[in-house]
Amino acid sequence: MRLNDLTVHVLEGFDDPLVSPERWTAALRRGSTDVVFLTWHWQRAWRETFARGMLLLIAVEREGEIVALAPLFTDEGMIYFGGSGGSDYLDFIGDVTEPDVLDLILQTARESVPGFLGFRFYHVPDESRTGALLRTAAARLSLACFDEGELAAPALDFTVRKNGSRVTEKNSLLRHEKFFRREGSLEVLHLQDGKRIQPHLKEFFEQHIDRWKATASPSLFQDQAKQDFYEKLTAVAADTGWLRFTRLDWNGRPIAFHFGSCYRGSYLWYKPSFAIDLARRSPGEVLLRQLLLAAQGEDARAFDFGLGDEAFKLRFANSVRKVRTWGLYPSSVLPGAKVSQESL
């Protein structure tokens with residue numbers, strides 16, 4: 001499909017020659033939201049692991065340059081961002097501020113789906129222009145646009161002097177670490193190379209399962225597909241430089257793990273675990289302190305606690321970003337009627 005000087009393509013997949021990892025990254029840099037969850041590596045690993053519905057990978061091109069990308073998929077008449085489920089922040093990739101660009105993406109996606117019911121775009125950051133752009137695009141395309149709710153994502157901004165640099169000296173963090181150092185040998189291993197991370201994943205999964213098995217919220221790693229995703233992501237992103245994996249050993253045994261990232265100055269608290277039999281000694285807080293120190297050591301601008309406003313996050317955060325879910329539907333389809341409101 002063409003519109004003025006723009007051409008839209010529905011790509012075959014992540015190996016399509018039109019969108020190499022380098023071209024994907026160049027487009028990502030120009031967009032409102034440049035986060036690890038939108039990288040070629042994350043999106044590819046997510047798609048190849050979960051393969052839900054049908055892939056709709058759409059590119060808009062002008063004079064041989066990728067203007068924007070939309071990594072989407074469709075399932076039972078609905079269209080979602082790739083990565084919906086497990087990705088804290090999502091958005092279009094590249095510059096969708098031109099009305100023709102966003103209209104081309106939405107029209108192409110809609111026309112690709114027999115029995116189209118609507119779009120549901122999860123976890124779009126409020127600081128992105130996408131929310132406002134979707135409202136105006138919906139009006140042009142005769143769609144109804146709904147704000148379907150927000151979630152909080154606390155962060156510690158290291159550039160704020162008030163508590164950004166001294167947080168690792170909090171007594172609540174130091175107290176627990178002193179116990180482990182006094183009563184034995186505490187070793188901290190930080191890894192960035194996927195090939196070196198890979199051998200530690202099995203113990204990480206097992207510890208996470210054990211930590212949550214006695215609660216009302218079983219570990220996500222009881223689902224083999226979730227383990228497969230972490231394995232796949234570690235392999236696909238092995239050489240990117242943004243993977244971060246930390247292991248804490250005390251007297252020769254692992255007492256805590258963390259799988260996350262440090263992408264463009266943002267250190268992400270993503271998936272932690274700790275030895276449940278040591279819970280009263282708070283190895284999780286020892287882990288947190290070591291991650292904060294690692295982030296500071298890398299001169300990260302921020303420590304991102306990700307989605308969720310749990311009390312422990314708010315103890316350390318000095319800012320809270322919001323993400324929002326946007327729904328676009330034909331006027332005849334009302335959210336909650338024919339369309340399920342359940343999260344992915």
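For region 70-131, GluC sites (Glu not before Pro) are listed when DSSP marks them as loop and at most 14 other Cβ atoms sit within 10 Å of their Cβ; the list is Glu76, Glu127. Past the 32 Å Cα-Cα mark, which pairs from Lys213/Lys313; Lys178/Lys322; Lys178/Lys232; Lys226/Lys313; Lys232/Lys322; Lys195/Lys322? Over 32 Å Cα-Cα: Lys178/Lys322; Lys178/Lys232; Lys195/Lys322. With each label modelled as a point 7 angstrom along the Cα→C-beta vector, the Asp277-Asp157 pair spans 4.4 nm.
In the chain, the DSSP beta bridges split such that about 90 percent are antiparallel, to the nearest 5.
Of the candidates Pro17, Pro283, Pro71, which one comes out as most mobile in a Gaussian network treatment of the chain with C-alpha springs shorter than 10 Å? Its mean-square fluctuation being the largest, the pick is Pro17.
Shape verdict for region 160-300, please, from the Cα gyration tensor: rounded (a/c under 1.5), prolate (a/b greater than b/c) or oblate. Verdict is oblate for region 160-300. Charge tally around Phe305: other residues with Cβ under 13 Å, Lys/Arg +1 each, Asp/Glu -1 each, net -1.
For region 161-244, the list of chymotrypsin sites (Phe, Trp or Tyr not before Pro) that fall in a loop by DSSP and count at most 13 other C-beta atoms within 10 angstrom is empty. For region 1-127, what class follows from the C-alpha gyration tensor (a ≥ b ≥ c being the square roots of its eigenvalues): rounded when a/c is under 1.5, otherwise prolate if a/b is larger than b/c, else oblate? Verdict is rounded for region 1-127. Residue by residue, region 135-152 carries 3J(HN,Hα) couplings of 4, 6, 5, 4, 5, 5, 9, 6, 10, 8, 10, 10, 7, 9, x, 10, 10, 9 Hz when phi is fed to the Karplus relation 6.51 cos²θ - 1.76 cosθ + 1.60 (θ = phi - 60°); x denotes Gly or Pro.
Relative contact order of the chain, taken over Cα pairs closer than 8 Å and 6 or more residues apart, is 22 percent. Roughly how many nanometres apart are two label points built 7 Å out from the Cα toward the Cβ at Ser331 and Arg62? So the label points at Ser331 and Arg62 sit 3.1 nm apart. Within the shell of other residues whose beta carbon sits under 10 angstrom from the beta carbon of Arg289, the net charge comes to -2, with Lys and Arg scored +1 and Asp and Glu -1.
For the pair Asn4 and Ala51, the difference between a 0.36 nm per residue extended length and the Cα-Cα distance amounts to 13.5 nm. Multiplying the residue separation of Glu111 and Ala139 by 0.36 nm and removing their Cα-Cα distance gives an extension gain of 8.4 nm. For region 194-233, the residues whose backbone nitrogen is under 18 Å from a point 7 Å from the Cα of Phe179, taken along Cα to Cβ, are 211. Rounded to the nearest 20 debye, the dipole size of region 160-300 about its Cα centre is 540 debye, using +1 on the Cβ of Lys and Arg and -1 on the Cβ of Asp and Glu. Remark: region 211-218, residue by residue, has Karplus-estimated 3J(HN,Hα) of 4, 9, 5, 8, 10, 7, 10, x Hz, where x stands for each Gly or Pro and the curve is 6.51 cos²θ - 1.76 cosθ + 1.60 at θ = phi - 60°. For region 11-54, GluC sites (Glu not before Pro) are listed when DSSP marks them as loop and at most 15 other Cβ atoms sit within 10 Å of their Cβ; the list is Glu12. Dividing the summed helix terms, -39500 (n - 2.57) for each DSSP H run of n ≥ 4, by the number of residues in the chain produces a 222 nm estimate of -9500 deg cm²/dmol to the nearest 500. For the pair Glu310 and Asp249, the difference between a 0.36 nm per residue extended length and the Cα-Cα distance amounts to 19.4 nm. Look at the dipole of the chain built from charges on Cβ: of Ala155, Pro17, His123, the Cα furthest out on the positive end belongs to Ala155.
Each other residue within a Cβ distance under 12 Å of Ala137 adds +1 if Lys or Arg and -1 if Asp or Glu, for a net charge of +1. Of the residues Phe274, Gln224, Leu56, the one whose Cα sits farthest towards the positive end of the charge dipole of the chain is Phe274 (charges of +1 on Lys and Arg Cβ, -1 on Asp and Glu Cβ, taken about the Cα centre). Dipole check for the chain: with +1 at the C-beta of Lys and Arg, -1 at the C-beta of Asp and Glu, and the Cα centre as origin, the magnitude is about 1400 Debye.
Read-outs: derived from the displayed coordinates by stated rules, not from any lab. Worth saying up front: this structure is predicted, and the values here are computed from it rather than measured. With ideal geometry, Cβ positions are generated from the backbone for all residues, glycine too; neighbour counts draw on all protein chains shown.
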